[in-house]
Amino acid sequence: MLKTAIKAAKLAGRIIETNFEKIKEVNTKNSDNELFTNIDIECENTIIKTIKDKFPDHNIWSEECGNLKKTKSNYEWIIDPLDGTNNYVANIPFVGVSIGVMYKKQSYLGVV
């Protein structure tokens with residue numbers, strides 16, 4: 001699982017780096033006006049695909065899409081695909097990718 005988390009974070013990191021200062025779309029997702037961009041979504045899709053390719057039965061919660069279809073697995077991946085979106089939108093290069101895994105509702109591993 002650690003290798004998959006690292007791979008997913010690196011793939012998303014490349015997307016973030018490649019698209020820095022090239023955002024095409026900025027939206028708000030709730031009444032608090034939290035921002036998300038097309039890059040958040042692209043990173044999220046890449047991370048989810050990477051996880052599902054290796055662990056198709058695991059649960060996933062991601063900041064942009066919430067809970068994906070729940071399974072009976074004891075594992076749940078928690079994803080913030082572009083942690084620091086406000087900085088990213090403002091062209092401040094202090095952002096990251098955060099991926100955690102819970103096992104039976106206990107912290108199991110994390111990658112930033």
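Quick notes on this structure:
- Scanning the range 40-57 for residues that are closer than 16 Å to Thr4 by Cβ and touching a residue at least 24 places away in the same chain (Cβ under 8 Å) gives Cys43, Glu44, Thr46, Ile47, Ile48, Thr50, Ile51, Lys54, Phe55.
- Among the residues of the range 90-112, those that are surrounded by fewer than 16 Cβ atoms within 10 Å (Cβ to Cβ) and either at pLDDT below 95 or assigned to a loop (DSSP other than H, G, I, E, B) (or both) comprise Ala90, Asn91, Ile92, Pro93, Phe94, Lys104, Lys105, Val112.
- Note on the range 22-36: among residues that are acidic (Asp, Glu) and touching a strand residue (DSSP E or B) at 6+ places or on another chain (Cβ under 7 Å), the one that is least open to solvent (accessible area, probe 1.4 Å) is Glu34.
- For the condition in a loop (DSSP other than H, G, I, E, B) and under 15 Å from the mean Cα position of the chain (by Cα), Glu76 does not qualify.
- Each residue in the range 37-62 was checked for being open to solvent by less than 40 Å² (accessible area, probe 1.4 Å) and in a strand (DSSP E or B), and 4 pass.
- In the range 11-21, residue most open to solvent (accessible area, probe 1.4 Å) [restricted to those that are of a type outside the set (Val, Ile, Thr) and closer than 17 Å to Glu64 by Cα]: Gly13
- The single condition among (1) of a type in the set (S, T, N, Q); (2) in contact with a strand residue (DSSP E or B) (Cβ under 8 Å, 6 or more places away or on another chain); (3) in contact (Cβ under 8 Å) with a residue 24 or more places away in the chain that Thr71 does not meet is (3).
The values are calculated or read from the model by the stated rules, or taken from the named source; none is laboratory data. Please read all numbers here as calculations on a predicted model, not as lab measurements. Backbone-built Cβ (ideal geometry, glycine too); neighbour counts: all protein chains shown. Side chains are part of the model used for accessible areas, which takes the heavy atoms of the whole protein and leaves out ligands, DNA and RNA. Shrake-Rupley method; radii C 1.70, N 1.55, O 1.52, S 1.80 Å.
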